[in-house]
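Before any comments, here is the structure.
The values are calculated or read from the model by the stated rules, or taken from the named source; none is laboratory data. As the structure is a computational prediction, the values presented were derived from the model and not from experiment. Reconstructed Cβ throughout: ideal geometry from the backbone, glycine too, with neighbour counts over all protein chains shown. All accessible areas refer to the heavy atoms of the entire protein, side chains included, with ligands and DNA or RNA removed. Shrake-Rupley method; radii C 1.70, N 1.55, O 1.52, S 1.80 Å.
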Amino acid sequence: MSRGPKVLVYGLAVAGEATTRALLARGYQVVVADDRPTEQALAVAVELGIDLYEAPSPVKVERLVERSDLVVPSPGVPEHHPLVVSARRLGVPLRSEIDLAWEWEQARPGGPRPMLAVTGTDGKTTTTMLAAAMVDASGRRAVAAGNTEVPLVSALDLDVDVFVVECTSFRLAWAERFAPVAAAWLNLAPDHLDWHDSMNTYGAAKARIWEHQGPTQAAIGFAADPVVMGHLADAPGRRLTFALDGADYAVRDGWLSGPDGRIAEVSSMRRSLPHDVTNALAAAALVLESATSTADAIATALASFEGVAHRISFVGEAHGVAWFDDSKATTPHASVTAVAGFDHVVLLAGGRNKGLDLRAMAAHPQRMRAVVALGEAAPEVAAAFDAICPVILLEADARMDAAVAAAEAQARPGDTVLLSPGCASWDWYPTGGYAARGDDFARCVREQVLT
């Protein structure tokens, strides 16, 4: 009896485990390696009866690659990892889980189901969830997969009609066949430069969302981002754009509109900050260009969609001051986007810098009432806003309760207090990440301000 191809899966966290199970179910021979396997990973390896190599040396990694027909890196494996270096040198194909899932779906009895895709530095999750809600509102069943709680290889087994795939650059970098029927690229800004070798390779990975499309498939780009538009010019699919104005999908006379006319009134949207509108336009373009939803269903979804946790989420209002949790903003670009939605802001910013230039956070000086600088990057945040607005530099051992108290002291009626850190959360929240940071902020606001 012949056995399937030999596959090396590197990393056995959520995506790696799902990929390993899917490969085994399809008859592949699987070996797994992991630089820092958890107890859960070790238990999964035992359950599945597969070899797991713990923290292999570069020499061992090369030997494992040599014995493989295919290498599938998990999202946490960066471009400069010995695995990638060895695979490229030896000519062993690198594939991601979304790439394998797309290929397997094409062979589905009865034909493949539509896959829509979203990428960008910021806004991916919200746009993905919004597009899925638009599909659901039309009476079809959608699943948000990829960089969500559901890896795409696992989603293939679900009883759904449409896949909406959140695509990180980590997954797109190793995509050799992935060709969604409609794909939107939201924006590009510095991020993940600890994973990518440069901004050039970061942008090139994002562009792979369009690379393998055919002429009937829709490539949708943000008209206000020159880098995105530069890549869109080379996309082989049908090229469309979205933006607040001057695009195929834009706002006209107070309506979200597309090539075929009006879609929904902006005033009917549950959330309508500038980035909410552009996300809605991108999602609408995805579902209309793929014929997976209708204008009426889009309007219904927009009227009820409340957003995703920790993405400019309203916490409460007291004494004329509104408080928002945008803990997911872990880059300066994301923080700037959030600040742009408000007139007067007391900003809580800082944390663990991901090697990015935090001076970019001061792009809207006219909106800044004050800044509370927190976490490891507090001195960098303070320097970024020096001479722009008052800055409260918290002590190194301070915590969120002190940050909220400092922000409350600076805020005036009509202001917005915004936690939009522009940095990662691992300094104060080493296990819970940005969600724990946002939850802690909301708890402190409720206990210290709203009571």
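Quick notes on this one:
- Of the strands (runs of 3 or more DSSP E) contained entirely in the range 11-75, those carrying at least 1 residues that are polar (S, T, N, Q) fall at 29-34.
- The range 417-451 - residue that is polar (S, T, N, Q) and open to solvent by less than 10 Å² (accessible area, probe 1.4 Å) and, of those, nearest to Asp343 (Cα to Cα): Ser420
- Neighbours by Cβ (under 7 Å, 6+ apart or cross-chain): first from the range 365-380, open to solvent by 50 Å² or more (accessible area, probe 1.4 Å); second assigned to a helix (DSSP H, G or I): Arg367/Val339; Arg369/Gln410; Glu380/Leu358
- Test: residue in the range 263-274 that is open to solvent by 20 Å² or more (accessible area, probe 1.4 Å), of a type in the set (D, E, K, R) and touching a strand residue (DSSP E or B) at 6+ places or on another chain (Cβ under 6 Å): yes
- Matching option when the condition is surrounded by 17 or more Cβ atoms within 10 Å (Cβ to Cβ), aromatic (Phe, Trp, Tyr) and either modelled with pLDDT under 95 or within 13 Å of Leu100 (Cβ to Cβ) (or both), among Tyr28, Tyr53, Tyr10: Tyr28
- Scanning the range 321-364 for residues that are crowded, with 24+ Cβ neighbours inside 10 Å, hydrophobic (A, V, I, L, M, F, W, C) and part of a loop (DSSP other than H, G, I, E, B) turns up just one, Ala329.
- Top-ranked residue in the range 76-127 [being without any contact (Cβ under 8 Å) to a residue 60 or more places away in the chain, part of a helix (DSSP H, G or I) and not aliphatic (A, V, I, L, M); ranked as surrounded by the fewest Cβ atoms within 10 Å (Cβ to Cβ)]: Arg89
- Residue check for Phe178: in a loop (DSSP other than H, G, I, E, B) and modelled with pLDDT of 95 or more: yes
- Test result for Thr201, modelled with pLDDT of 95 or more and either open to solvent by 60 Å² or more (accessible area, probe 1.4 Å) or hydroxyl-bearing (Ser, Thr, Tyr) (or both): no
- Identity of the residue in the range 135-167, under 18 Å from Glu17 (Cβ atoms), more than 19 Å from the chain's Cα centre (by Cα) and without any contact (Cβ under 8 Å) to a residue 60 or more places away in the chain, that ends up most open to solvent (accessible area, probe 1.4 Å): Asp157
- Selection within the range 293-320: residues that are surrounded by fewer than 24 Cβ atoms within 10 Å (Cβ to Cβ) and of a type in the set (S, T, N, Q). The member of this set that is farthest from Val135 (Cα to Cα) is Ser313.
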